[in-house]
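A quick write-up on the structure given underneath.
Since every read-out is calculated from the coordinates, none of them should be taken as a lab result. Because the structure is predicted, anything quoted here is derived from the model rather than measured. All Cβ positions, even for glycine, are placed from backbone atoms using ideal geometry, and neighbour counts span all protein chains on display.
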Amino acid sequence: MRTTVTLDPDVKRILEDAMKQRGISFKRALNDAIRAGLAPGRRFVQKTYSMRTVQHVPWDKALAAADAMEQNAQLCSCDNEFARFPGLRWKNPLAGRAAS
């Protein structure tokens, strides 16, 4: 089959590199790349590794702390878990008040 294909510049560079490295034609480099990318049964598999510990990370608090630190702001919260983030300026607005 003959067709016209418009390649993005980065794809063109990848094909040209393959042609030089393997000493093959443009047609062969393109066909090999398409076969490799579309071959049935080939799929990406992410390798994972055990961290061997279970840690509870309060992501909502971590993100709020990161926002405050990036803005060089003080975070106000009654939640004392914010004390776990070094470098965070935070205060509990109810600290030191007597319960009513």
* How much length, in nm to one decimal, is gained on full extension between ILE24 and VAL57, taken as 0.36 nm per residue of separation minus their Cα-Cα distance? -> 6.7 nm
* Global form of the range 6-68, assessed from the alpha-carbon gyration tensor, a/c cut-off 1.5 -> prolate
* Would you list which aspartates and glutamates come within 16 Å of LYS61, measuring only between C-alpha atoms, while excluding same-chain residues fewer than 8 positions from it? => GLU70, ASP79, GLU81
* To do: Answer with one residue from LEU7, LEU38, MET69: the one whose Cα lies farthest towards the positive end of the charge dipole of the chain, charges on Cβ with Lys, Arg +1 and Asp, Glu -1.
  => LEU38
* To do: Counting only C-alpha contacts under 8 Å and six or more residues apart, can you give the relative contact order of the chain as a whole percent?
  => 14 percent
* To do: Under 23 Å Cα to Cα from LYS47, which lysines show up? Leave out anything in the same chain fewer than 8 places away.
  => none
* Structure fact -> Taking chymotrypsin sites (Phe, Trp or Tyr not before Pro) as exposed when in a DSSP loop with at most 13 other Cβ atoms inside 10 Å, the chain has its longest clean stretch at 50-100
* So, with +1 on the Cβ of K and R and -1 on the Cβ of D and E, and no other charges, what is the size of the charge dipole of the chain about its Cα centre, to the nearest 20 debye? -> 620 debye
* Could you give the length gained on full extension between GLU70 and LEU7, defined as 0.36 nm per residue of separation minus the Cα-Cα distance, in nm? -> 18.6 nm
